[in-house]
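The values are calculated or read from the model by the stated rules, or taken from the named source; none is laboratory data. All of these numbers come straight from a predicted model, not from anything done at the bench. With ideal geometry, Cβ positions are generated from the backbone for all residues, glycine too; neighbour counts draw on all protein chains shown.
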């Protein structure tokens, strides 16, 4: 779910907060930020994501920008292929 959401967002919107808003809207329910960040860290440890510090935002913080690695892109492609196989 998080990998596919990251794949659907523009490359410059791969922030945890943007993912939280996107998933909350897509599934019409409240998605906890803690769950998003936990999933992001796990996916990064598994090699599906990479992150880098972005430019500072208005409050001065530098949020992490997440991107899919080639392994992450392959996982998304495989997930979509499997979903398409089910009627």
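Find all pairs meeting these conditions: Cβ atoms under 8 angstrom apart; at least six residues apart or on different chains; first residue within region 27-49 and without any contact (Cβ under 8 Å) to a residue 24 or more places away in the chain; second residue surrounded by 11 or more Cβ atoms within 10 Å (Cβ to Cβ) and not in a helix (DSSP H, G or I).
44/50; 44/51; 44/66
For region 20-52, which residues satisfy the criterion of being closer than 12 Å to residue 2 by Cα, in contact with a strand residue (DSSP E or B) (Cβ under 9 Å, 6 or more places away or on another chain) and not in a helix (DSSP H, G or I)?
Matches in region 20-52: 48, 49.
So which of 38, 43 ends up being at pLDDT 90 or above and under 18 Å from residue 77 (Cα atoms)?
None of the other options fit; the residue is 43.
So for region 45-52 (the condition being on the phi > 0 side of the Ramachandran plot and surrounded by fewer than 16 Cβ atoms within 10 Å (Cβ to Cβ)), does at least one residue qualify?
Within region 45-52 (the criterion being on the phi > 0 side of the Ramachandran plot and surrounded by fewer than 16 Cβ atoms within 10 Å (Cβ to Cβ)), the answer is yes, since at least one residue qualifies.
I want to confirm something. Restricting to region 59-76 and keeping residues that are in a helix (DSSP H, G or I) and touching a helix residue (DSSP H, G or I) at 6+ places or on another chain (Cβ under 9 Å), which single residue is surrounded by the most Cβ atoms within 10 Å (Cβ to Cβ)?
Among residues in region 59-76 that are in a helix (DSSP H, G or I) and touching a helix residue (DSSP H, G or I) at 6+ places or on another chain (Cβ under 9 Å), the one surrounded by the most Cβ atoms within 10 Å (Cβ to Cβ) is 72.
Only residues in region 11-24 that are exposed (fewer than 15 other Cβ atoms within 10 Å of the Cβ) count as the first member; pair them with residues that are at pLDDT below 85, Cβ under 8 angstrom, at least 6 apart or cross-chain, and list the lot.
17/63
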